[in-house]
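Engineer: Quick one: this structure, given as structure tokens, is what I'll be asking you about.
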């Protein structure tokens, strides 16, 4: 029989014994970090007992320091991404203003194929349109390249309006003499008007992974819509 002054090892009210609790904590080491208030009595005991128990206070402090460093790194990454996004927005806004400010259809083509790479920090841009039996009006304008019928669907897929490729060799049929520069590109379908065949705006960079799957495409899509609207307006085409 247990004497009155002896203390038995208590069992949890739930019926778990100490070995089960220890097994759970070993299997879930994050539990105490998420419930740090449970450690307060142990930390107090440590201050009274000196080196007789594990330095839990130092352990928790180091853990918190690591977490702070991780949060700082995550914050720096987010700031970097935000700055990059703002820079991309500013570039696209400049490009759109230039497209809207074109003084003629020929000037619009020049802005699209020559000035856009400068505004966007790229190396080459191309404006293409699929050939048909009867060429669309003014398709002979310098800077507009003709593609075989169905070429855009073959490149993008019939249900997709945009394709980003991070490691490619530029196609001469699309980029012409600038194809040798292209190692990464963005292909954007242009649906100018029911009266014209489908078109393509191609943007190329000499840097691999300048464009890549998973990259945000809202700004590129917006740019393609502005090009569509501008061409339609200058050629007085139906919507």
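Engineer: Of the conditions (1) farther than 12 Å from residue 162 by Cα; (2) at pLDDT 95 or above; (3) more than 22 Å from the chain's Cα centre (by Cα), residue 194 fails just one. Which one is it?
Structural biologist: (2)
Engineer: Out of the strands (runs of 3 or more DSSP E) lying entirely within segment 99-173, which hold 1 or more residues that are over 24 Å from residue 214 (Cα atoms), touching a strand residue (DSSP E or B) at 6+ places or on another chain (Cβ under 7 Å) and at pLDDT below 95?
Structural biologist: The strands (runs of 3 or more DSSP E) meeting that bar are 124-130, 144-147.
Engineer: What is the one condition in (1) closer than 30 Å to residue 127 by Cα; (2) at pLDDT 80 or above that residue 19 does not satisfy?
Structural biologist: That leaves (1) as the condition not met.
The values are calculated or read from the model by the stated rules, or taken from the named source; none is laboratory data. Quick caveat, the model's predicted, so the values are computed rather than measured. Cβ coordinates were reconstructed from backbone atoms using ideal geometry, including for glycine residues, and neighbour counts include every protein chain displayed.
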